[in-house]
Structure formats: C-alpha cells, structure tokens
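The values are calculated or read from the model by the stated rules, or taken from the named source; none is laboratory data. Keep in mind it's a predicted model, so treat the numbers as computed, not measured. Here the Cβ positions follow ideal geometry from the backbone for every residue, glycine too, while neighbour counts run over all protein chains shown. With ligands, DNA and RNA removed, areas are computed over all heavy atoms of the protein, side chains included. Shrake-Rupley method; radii C 1.70, N 1.55, O 1.52, S 1.80 Å.
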Amino acid sequence: MSEEKKNNKFDETKYSMDTRIIYGKNISTKWDYSHHVTAPISSSTTFRLDSVERGAHGFERFANTKVFGEETPIFIYDRLGEPNKDLLEENLAYVENGEMAVTFATGMGAISAALGICVGAGDEIIAHHTLYGCTISLLNNWYPRYNINVKYIDLTNADNLIGALTDKTKVVYFESPANPNLDIIDIKKIVKIISDFNSSRDEEHQVLSILDNTFSTPFCQRPIEFGVDFVVHSLTKGIGGFGTDMGGAVIGKRKYKDILLLYRKDFGAVLSPKSAWAILTYGLPTLSLRTRNQIQSAKKIANYLNVHPAIEFVNYPGLSNYKYYEVAKKQMVDFNGEFSPGTLIYFVLKGKNPAASKENGSKFMDYIADKAYTMNLAVSLGHTRTLIEHPASMTHSVVPPEKLNERGIDAGGVRLAIGLENVDDIIKDLDEALKIIL
Amino acid sequence: MGFSTDAIHAGQTPDKATNAVIPPIYMTYTYAQEEFGGNQEYHYGRSQNMTRNILEQNIAVLEDGKYALAFSSGVAAIHSLTGILKSGDHVIVSDNVYGGTYRLFDKSLSQFGITFSWIDFDDLLSVEKAITLQTKILFIETPTNPLLNLIDINRVSELAHKHNLLCVVDNTFMTPFFQKPLNLGADVVIHSSTKYLNGHSDVIGGLVVMNDKVVFDKIKFVQNSIGAIPSPFDCWLVLRSIKTLAVRMKQHNKNALQIAKILSSNKNIKKIIYPGLETHPQHELAKEQMTGFGGIITIELNDFEKTKSFLNKLKIFTLAESLGGVESLVNHSATMTHASLSNEGRLKIGITDSLIRISVGIEDVEDLIQDLNQALK
Ligand SMILES: Cc1ncc(COP(=O)(O)O)c(C=O)c1O
Ligand SMILES: Cc1ncc(COP(=O)(O)O)c(C=O)c1O
C-alpha cells in the first residue's frame, strides 16, 4: 500500500461516487482494524482506558471536535461513540456531501435530535403540511408541551415562506419528495428565501433548514449541495436497503457535530453497532446498484399505472405530466447527473367520491395482500421487496380523516415502494389486482 | 487462575486498535496484504479468523491444553481426527458413543479404509487384546451417551501410551468445568460446543484441544483443507456463553442431583442412572476424575407404552434432540439420537425402547420435579 493511502492523503475524487460509495475515504482514522477488508462488528459496550489520565483525556476529547478535530478518537462507551458507528458516519457524510454525520437509533431519533438542537421554548418551526405521520405526531403531540410552536404551510409554492417567517422562526422543516404524496419542494428557492431572511439577522438568530431526504437517498438528491443546513435520514429505508435494521442520521456542517453528539449521549437514541455494521457493509455499498434498478422499475410501473383506466391519478416525479416534474428534474439527479425520480409511487383509484375511491383502494390492497407474490402489504420502503400501504390508515393514521385534505393526503391514496423484483412480475400482480376494480 | 476467571479473560485481551473490552466480531474473510511476498499472519478466513482464534485460545486454557481448533460442529471436530489417520489404520472406540460418532466412523470413515472396533472399555483387557499394529487411537466418551457409563481416563491413557497410541476423549457431557481429560493423561479432547459450552441451543459447533504440536499441525491442516469452520458470529456467541459456563454447570449439577435423588424412590421408574448417585456402579470413579456429576440423567421405565405416555405428558421438559441447554429436554434414545444403530446393536449396549435421557436445565428445580412427577403418574 502506498504512503499516500496510509496517510490518508490519497485523492479518490477522480473516481465516480458509485465507486466511492463502496470505499468511503478508504482509510479511516476511526478504526485501524488492521488489514481486514470488511470491518469487524464492534461488540463491546465499554472500552479499556489505559490510565486515569487517558480516561480524562478521552472525556475531554468527546464532543470536542472543535478543538481536537478528526484525531483518532479515544473510545469510552458505546453511547458516546464506537468504531462501527463512526465508520458509518464518516461514509454517510461523504456520500451526502456533508461535513459530518451523527447516527441515531432510528429515523425519528435523528429527526428529534436535529430539531432538538435547533429549537427551545418560545421558538417556532415552519413545516410543509405534508410529512411522515410520526414526524407530524412529534410536532403536534409533543412540541406544544415545550412551548414550541409549529406552523404548517404549503412549501410547494416557495413564496408562501416569505410571509410566514417571523422573529421566532428557528427551523424550516420539509421532505422532498414528501411522504406519502410525493410533493416536490424547490430546495434552492427555499434556501434562497431563508438566506435572504437571515442576512439581516445575527449568528444567534439564523433560521436553519432541515430536509428529510429519506425518500430520495443521496443517490437521487444531495440537498446539502443546494445549501440546506441539515439532511436527516431514516437509514431503516433505502440506505439500509434490506429491511433488517433500524437507523437514522443527521448530516450537516461540522460545527453542529459536537452538540449532536451531546444530544445523543443525553437522550440516548444510539444506533446499535451491529446495525451500523450491516448498514456500513451491505446497505450503503449497494445503494447505487439497488436504487438505479428500483428507479428503472418505478418508471415503468408509473407509466403503466398512469394510463390504467381504474386509476384517477399517479404522482411520480418521473412522469412528464406530473405537476412537479420540472422541479424534480432540476434537483433529483444521481451521482452522474442523470435524472433520478426515486423509487416511490403514489396513486389514487377511481371512485364516484372519496369514500368510493377509498373503498376501491382497500379492495385493491386486500387483493394484493391475499394474492400477490411480488408485493407485501406493509409499511416502510426502500426494501428488497416491493411494499404497498394505505397511508390514511397506516403511516399517516395520526391525521384524522377530516384533516387528510389539508395535509394533501387522499382518503384512498396508495403508496407503492418499489423493490428489486423483476418489474414485469410486479406489473403482472398489479394488473390482476386492478382488474377487480374495473 | 480460577476457572471462571479464565473463562472470562483467557484469549480476550481488549482489541488492540480500540481497547474494546469485548473483542469485536471479525467478519472479514480476506485481509489486505501490506506488500507482495509479505509475511502476514492473516490471509483468508478459512485459515485464520481473529474471533475464532480468541475462542480457540480460550478453550485451550480452560482444558489446560496448549492448542485448540474450532469447527462448525462436534461431528466435524471428530472428523478432523482423520488428520492423524490414514487408510489401513485402526481405531478402538468405546461401545456406546454418541450415535453420530458411530455413524461417522462406521458408515463414512470405514469407506476410506479406516477400521473400527467397538469395545466395552469397562474391560481394559479386551481393549488391549484388540490393539493391533495398525491401531492409532483409543476413542472414548465419558460418561457415555446415553447410559452414563464412566471410563477411567487415566488408565485408558496409560494403555494408549504403552502402545504408542493417542487417547482421545469426547468431553462434551462434562465440559472442562467438571472434567479435564488432558490432566488425566488424554492426548486430545473433543467437544460438541453445541451442548453445554454454548448452552443456549442456538449454535452448532465443535472444538478440539491438544498439547502436542505435531497433532495440532495435522488437525489444523484438516481444519483448513476440509473447511468445516464455524462462522465468526457463532464463535462470538460461544465465547459469550462460556463466560457463564461455571454458573450454569453448577446449577445443572445441583438440579440434576436433586432430581436424581427424588426419582430414585419413584416406583414407576425401573432404573435410574446418574453418576452422582451412590448406587451408580462407578460413583467412586466419578468422584475421582470429575469435580461434579453433570446435568444428564438417564431413566428406564417399565415398558414402551408408559414411556410414550410419560414423554407426551411432560410440560416443561421438551422432547427434542440435543442436550446441555439452559432449558430441560428429554430424548428417546432408541428413536432419536441412537436411531443410526441397528436394533440389535442398541439392545446389546442396553438402549431399550423404554430408555429416556433427561437433560436437566437450569429452571427452578421445584417446577422440574413437579413436572416429572405428574408425567410419571
Ligand atoms: C420520510 C420518513 N422520515 C422518517 C421516518 C422515520 O424513520 P424510522 O422509522 O427509522 O424512525 C420514516 C419512516 O417511515 C419516513 O418515511
Ligand atoms: C457426546 C457428543 N459428542 C459429539 C456430538 C456431536 O456434536 P454436533 O451435533 O455439534 O456435531 C454430540 C451431539 O449430540 C454429543 O452428544
């Protein structure tokens, strides 16, 4: 091995990210696990300290990257940091083009940490009205207790943000594509409006943007490149990719790393090293391969559904008749600049009224649960298996039926998360199920 | 060091790179070579794996041996003895070893020109008579499975060495916590770590321990060339289990002794075999070569009908193959573990249709006794 590689001076940037996603920075200062090609699974909750002095030094260094930078850490205790999580964090930051990443036990662990370090009593969050159900639950059921106010607006029209920002605003929070209806928000526009607003405010009172990039994964979209402050992920989904491990991550600027580590230490939503290892070893390195394949299938399936007589409409960023197609094309691009409209499809079945459309949706999904081979009726996404679900009664059941409309969710909406099956097999199963509606 | 101290520490110094107190699960099977023609210890996972090596070092210390090798099953560990055998060689085996050992020797290895004699080791004279110029190994299990006959390891080793043979002992039933064959003169110790060593009925594994470097090299050659190695994850699980081996064995022993004493006076039992009972014909030998009596009790009921009914009535004891787990199991030897023997073969060594092997777990002993009593009624 060359000296440049050993000393981490090797310049890998001439290689494509499809390749780099497998190697990360190649040599990590986090764990010199000798010559192992695959990382070991760290399985110790505690780490021996050679002396009290070294112990004290370890504690002094913890969450003090400002002073100690990326020096090889002194590991103390799993909740503070351990090799597998650190390796994964390094690679996640690398792939999202962020300066740092901190992992959490779940996506919700990451979301609550990102918000938790930004807001306090009396502050306000502005959020797009369509969000993952548990994020809505966090904002609506818990934050009022801490006197944190949440204002929901429609960010698909970025200009709505201009009038909504106030002195109390600390965070603008959104997903794009949004869960479940795949609303697309113009990231650059939102960032521009926030930065204009911030220009007249001091360092203490800057409004920060947080984008949940779970639906896109860094393969399809890297929001930090557009100026977003924080990307959050549920690693449980496309990045983990196999449906075996829960996980979450916050990715962003280096200056937030220490406070995120402190937050994780004190609130305790730490990622298990065994899960970190699986995501590091299986998930991330196959992200390009899996996602590219799933997008190919999603495009074909969206086109199929788009002209099916039983279907009212299809939301898929890759359909040229989708209302957000142009924005999606601008911001959802893979590592090589190709348009990558994602692996999720949202659609609504026809019906005389919303109730009838919902009933048709239920019939259709029950038929699939019963008869289909290539699909599972189940929540989650970014799996090897195609998953189908009914947001109004599952992922978004926190939203009462009378409020579905204002959250952009249809009573009969169906969310389809494409897996790795042969695409024609998925279409065959969909086709059979849709026949019963006609 | 004491047994428990070694169980917890031997081989397990904190990870060099991170100081992790518990060694990592080293998953890689290939190792980047620093330079061409370099002399790195680790090359490829079948030959070397760090987690496996830690387990090997650990069991070597516990058995008071110098070297150990890990395998993907107890049977694979026994099969590794082929490293010291060749076509034409002869092995003398104690006549009621585990059925899978019998099958391996009688049905597989015999195909390769290795011959076996099955002898009752109670009678060492007939063992000596069976020794020929081709004999290489005396292979014993003590206590035997399922009849719990004991074999005097000391005397068998002396006999082996007198004739320049190796004495191999399958120590699965006792574990090094209760019996250390190498200290009694044996040359090689075999384990099915599937049993007490792992103890939680979730890993299949085997181990071989020895003192002689030449034997070690030969068996290591088999480990690498046949490739029946355990996964790093399984090695890690066994390592974690061994940490509680001492406490588990004490409890198995305590529960089994109490149950054996109570069952001794039960009219519905025709015969009870447990080395810890004074009625066991080799109770004195048991006290000499073992420091406990283990968790296995064998009983014989009056007839097959009663046996079936007993097995079906048990609620806590599960009817299942295997033994040595924290949960109590019962096994019908004739149809399960020893089904590979012929009818006559079974009867010759005393495995009747009414024989039941009980693996006493570490549940509350009152519950176990109650369950046995209700099923025996
Ligand atoms: C967009 C989005 N964000 C966050 C989450 C929460 O992630 P986790 O389930 O890992 O907590 C989900 C999970 O469904 C999600 O779809
Ligand atoms: C005494 C003895 N030795 C060896 C074995 C074989 O071990 P394994 O099943 O791990 O191959 C067994 C298994 O029942 C056994 O009881």
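Given a 1.4 Å probe and no ligands, DNA or RNA in the count, how much accessible surface is buried by A and B, both sides, to the nearest 100 Å²?
Approximately 1900 Å² gets buried when A meets B.
Between B:Asn164 and B:Arg103, the FRET efficiency estimated from the beta carbon spacing at R0 = 35 angstrom works out to 0.80. Shape class for the stretch B:290-377: oblate, because the ratio a/c of the largest to smallest gyration tensor axis (alpha-carbon atoms, square roots of eigenvalues) is 1.5 or more and b/c is at least a/b. Karplus-based coupling profile of the stretch B:120-135, in residue order and whole Hz: 7, 6, 5, 10, 5, 5, 6, 5, 4, 5, 6, 5, 10, 5, 8, 5, with θ = phi - 60° in 6.51 cos²θ - 1.76 cosθ + 1.60 and x standing for Gly or Pro.
For chain B, the longest principal axis of the Cα atoms and the long axis of helix B:213-226 meet at an angle of about 90 degrees. Taking every protein chain into account, the accessible area of the stretch B:245-376 amounts to 44 square angstrom per residue (probe 1.4 Å). Note on B:Ser265 and B:Glu128: their simple-model spin labels are 4.4 nm apart, each label 7 Å out from Cα toward Cβ. Suppose we compare each residue of the stretch B:34-48 in its chain alone and in the full protein complex with a 1.4 Å probe; which ones drop by at least 10 Å² of accessible area? Buried on complex formation: B:Glu34, B:Gln40.
With a simple spin-label model that places each label point 7 Å from the Cα along the Cα-to-Cβ direction, the separation between A:Phe68 and B:Gln258 comes to 5.0 nm.
Between A:Thr166 and B:Asp367, what FRET efficiency follows from the Cβ-Cβ distance if R0 is 51 Å, with the result rounded to 0.05? Write out the running numbers ahead of the final one.
Values: r = 66 Å, r/R0 = 1.29.
The pair A:Thr166/B:Asp367 has a calculated efficiency of 0.20.
Remark on the protein assembly as shown: Rg and Dmax equal 33.0, 103 Å (Cα only).
By how many degrees, between 0 and 90 and to the nearest 10, does the Cα long axis of helix B:245-264 differ from the longest principal axis of chain B? On a 0 to 90 degree scale, this one is about 10.
At an R0 of 45 angstrom, the distance between the Cβ atoms of A:Lys300 and A:Asp196 translates into a FRET efficiency of 0.65.
Leaving out ligands, DNA and RNA, what percent of the accessible area of chain B is carbon and sulfur, probe 1.4 Å? It would help to have the intermediate numbers written out before the result.
Working: 8390 of 15680 Å².
Ligands and nucleic acids excluded, carbon and sulfur give 54 percent.
The residue list B:Gln374, A:Tyr15, A:Gln331 was ranked by how far each Cα lies along the charge dipole of the protein assembly as shown toward its positive end, using unit charges on Cβ atoms, and B:Gln374 comes out on top.
Simple rule: put +1 on each Lys or Arg Cβ and -1 on each Asp or Glu Cβ in the protein assembly as shown, find the dipole, and look at A:Leu161, A:Gly58, B:Leu311; the Cα lying farthest toward the positive end is B:Leu311.
Here the protein assembly as shown carries DSSP beta bridges of which approximately 55% are antiparallel, counting only pairs with both residues inside.
If the limit is 18 Å between Cα atoms, which of B:Lys86/B:Lys220; B:Lys86/B:Lys136; A:Lys14/A:Lys255 go over it?
Details: B:Lys86/B:Lys220 16 Å; B:Lys86/B:Lys136 10 Å; A:Lys14/A:Lys255 27 Å.
Checking Cα-Cα distances, A:Lys14/A:Lys255 exceed 18 Å.
Taken over the C-alpha atoms, the stretch A:289-434 has Rg and Dmax values of 14.8, 44 angstrom. For chain B, the longest principal axis of the C-alpha atoms and the axis of helix B:365-376 are separated by about 50°. Based on alpha-carbon centroids, what's the gap between the stretch A:164-232 and the stretch B:254-299 in Å, whole number please? Using only Cα atoms to place each centre, the spacing works out to 73 Å. Using Cβ point charges alone (K and R +1, D and E -1), the dipole size of the stretch B:3-242 about the Cα centre works out to roughly 320 debye.
With each run of n ≥ 4 DSSP H residues scored as -39500 (n - 2.57), what mean residue ellipticity at 222 nm is computed for the protein assembly as shown after dividing by its residue count and rounding to the nearest 500 deg cm²/dmol? Mind showing how you got there, number by number?
On the way: 30 runs with 285 residues, N = 815.
Mean residue ellipticity at 222 nm (helix-derived): -10000 deg cm²/dmol.
Pull out a ≥ b ≥ c, the square roots of the eigenvalues of the alpha-carbon gyration tensor of chain B, then state rounded if a/c is under 1.5, prolate if not and a/b is larger than b/c, and oblate in the remaining case. Here chain B falls in the oblate category.
Classification of the stretch A:203-329 by its C-alpha gyration tensor yields an oblate form. The axis ratio a/c (a ≥ b ≥ c) is 1.5 or more, and b/c is at least a/b. Here the stretch B:103-220 is assigned +1 on the Cβ of each Lys and Arg and -1 on the Cβ of each Asp and Glu. Its dipole about the Cα centre then comes out at about 340 debye.
How many angstrom lie between the C-alpha centres of the stretch A:390-412 and the stretch A:325-380? For the stretch A:390-412 versus the stretch A:325-380, the Cα centre distance is 15 Å.
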